[in-house]
Amino acid sequence: QHWQRLFRAPGSAIVSGLAVEEAGSFAIVVATNHGLYGSFDRGARWSRVFRGADEAEARCTFVAFHPSTLGTVLLGTGSGLFRSVDRGRRWSAIGMPQSAREIVHFACHPREPDRLYLLSADGLYAGDLASGQWQHRFPAIRNDAPEADPPPDGEPDEEAEPHEPAGRLSAVALDPQEPSTIYLAGSRGVDVSHDGGMSWRPVSRSGLESTGISRLLVSHHSPPVLYAATARGVARYEPKPDRWQMITEG
C-alpha cells in the first residue's frame, strides 16, 4: 500500500535484478547494465560495487545471494559469472567455458552449496563452483523463434515439439523439495525435467494468456506451484488441474 524510493538508477542505467540479504547487515544489491550497485545500511547510502572490465562485463543480467552460504553473492554478466563472499564489496571471476559466459539467469541447488544451474545464450549448464567443472545440459533452441500463442483449451498444438524446450530461454528454477526437477522458461512457455536435465517435457500451456515468460518462481508446496512473469501479467500453475491461472492483469 505504501512505497518509498530506495534507489534511482543513474543516467541511462536500466535495472535488471535485485537481491536482498536480510541477515547480518541487510545488504541490498541492484544489477544494472552499467554495473552493480550496493547498499549496506538498508538503502540509505549506495555505491557502485562492481564495474566490470568492459561493456559486456558491466552488463549485469542477474544477481542473487546464495541461499545457504551467508554473505555470498553470485552475479551474472554478459561476459561471465562472478562471486563475492563479503556481501558484494569485492569480487572474483568463476571459471567456466567460453560458450557459457553470456549469462541470462541461474539457480542454486538448495542442498549442495557448490552446485549451480546456469542459463546462458548457449543453453543450460550444470556446474560446480568449487571444482570449476561444467556440463552442457541443454542447448539453446531457435533463439530467434517468435513467441507462439497457446492453443485453445482442448486443442492439441500440432507444431509443438514436446521433447525439447524452444525459443529464447529466460529463466531456470529448481524444485526446492526435489532438486533433480528443473524448470526452464522462455518465449514458448515452460518445460520440466525430472532427471537433472537429461530429458524434458512441456508443462501445459492451458490458461496461459502469453507464453513469453521472463521470470519463474517455484513455491514450497507439495506438489510445487509455479509463478511466472509473462507479457500479460503474473500467472500461477498448479499441477493437479494442470493449468495456469492469470492472477494479475496488464
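Against the condition assigned to a loop (DSSP other than H, G, I, E, B) and more than 22 Å from Phe7 (Cα to Cα), how does Leu81 come out, does it pass? No, not satisfied.
Considering Arg115, Arg87, Arg83, Arg101, which residue is over 21 Å from Leu216 (Cα atoms), of a type in the set (Lys, Arg) and open to solvent by less than 60 Å² (accessible area, probe 1.4 Å)? From the options Arg115, Arg87, Arg83, Arg101, the qualifying one is Arg87. The set of residues from the stretch 225-236 being open to solvent by less than 20 Å² (accessible area, probe 1.4 Å) and either closer than 13 Å to Gly189 by Cα or not β-branched (Val, Ile, Thr) (or both) comprises Leu226, Ala228, Gly233, Ala235.
Among what's in the stretch 8-34 and is exposed (fewer than 14 other Cβ atoms within 10 Å of the Cβ) and on the phi > 0 side of the Ramachandran plot, pick the residue that is modelled with the lowest pLDDT. Looking at the filtered set, the residue picked out is Gly24. Criterion applied to Ala31, Ala27 was being of a type in the set (Gly, Ala, Ser) and in contact with a Leu (Cβ under 9 Å, 6 or more places away or on another chain), and the one residue passing it is Ala31.
Among the residues here, Met198 qualifies as open to solvent by 50 Å² or more (accessible area, probe 1.4 Å) and either within 21 Å of His105 (Cβ to Cβ) or without any contact (Cβ under 8 Å) to a residue 40 or more places away in the chain (or both).
Residue check: is Thr72 under 24 Å from Tyr125 (Cβ atoms), over 15 Å from the mean Cα position of the chain (by Cα) and β-branched (Val, Ile, Thr)? Answer is yes for this residue. A count restricted to the stretch 35-65 and to residues that are in a loop (DSSP other than H, G, I, E, B) and crowded, with 19+ Cβ neighbours inside 10 Å stands at 3.
Look at the stretch 125-148: where a residue is more than 12 Å from Ala100 (Cα to Cα) and modelled with pLDDT of 90 or more and a partner is among the charged types (D, E, K, R) and open to solvent by less than 60 Å² (accessible area, probe 1.4 Å), sitting 6+ places away or on another chain with Cβ atoms under 9 Å, you get Asp128/Arg115; Leu129/Arg115.
For the stretch 66-75, the candidate set comprises residues that are open to solvent by less than 20 Å² (accessible area, probe 1.4 Å) and not in a strand (DSSP E or B); within that set, the residue that is nearest to Ala171 (Cα to Cα) is His66.
The values are calculated or read from the model by the stated rules, or taken from the named source; none is laboratory data. Owing to the predicted nature of the structure, the values given are computational and were not obtained by experimental measurement. Using ideal geometry, Cβ is built from the backbone for each residue, glycine included, and neighbour counts are taken over all protein chains shown. Heavy atoms of the whole protein, side chains included, go into the accessibility calculation; ligands, DNA and RNA do not. Shrake-Rupley method; radii C 1.70, N 1.55, O 1.52, S 1.80 Å.
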